[in-house]
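Read the structure below first, then the notes.
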Amino acid sequence: MEPQRVDFYRPLIANKPGPPPLALRVGIVDGSSYSEGVPASSVRAETYVLLSALPAELRQRVETAIQLLIAGG
């Protein structure tokens, strides 16, 4: 079975009705690795969490941490 391909810089739209998953586990392709001078693609697993499903206080703390990372702090 061929894996689903997505562009993370465009909106993701669900194709089935129902509540969204709490977390998405995705493979991120890293095309910058080299093996003996030949470019090689490696995939690392990442997990994305649905912020709106978190308790309000925890969501605010996570959003603040994300803003600090984006700002370079």
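List, please: which pairs have Cβ atoms under 6 Å, are six or more places apart or on different chains, and start with a residue in segment 1-24 that is assigned to a loop (DSSP other than H, G, I, E, B) and end with one that is among the small types (Gly, Ala, Ser) and surrounded by 10 or more Cβ atoms within 10 Å (Cβ to Cβ)?
Qualifying pairs under 6 Å: Leu22/Ala53.
If I ask for residues that are over 14 Å from Ala45 (Cα atoms) and touching a Pro at 6+ places or on another chain (Cβ under 8 Å), which ones from segment 5-28 would you list?
Ala14
When you scan segment 6-23, how many residues do you find that are within 13 Å of the chain's Cα centre (by Cα) and among the charged types (D, E, K, R)?
Within segment 6-23, residues that are within 13 Å of the chain's Cα centre (by Cα) and among the charged types (D, E, K, R) number 2.
Look at segment 22-47 and say how many of its residues are of a type in the set (S, T, N, Q), at pLDDT below 90 and closer than 19 Å to Tyr9 by Cβ.
Matching residues across segment 22-47 total 2.
The values are calculated or read from the model by the stated rules, or taken from the named source; none is laboratory data. Please read these numbers as outputs of a predicted model, since none were measured by experiment. With ideal geometry, Cβ positions are generated from the backbone for all residues, glycine too; neighbour counts draw on all protein chains shown.
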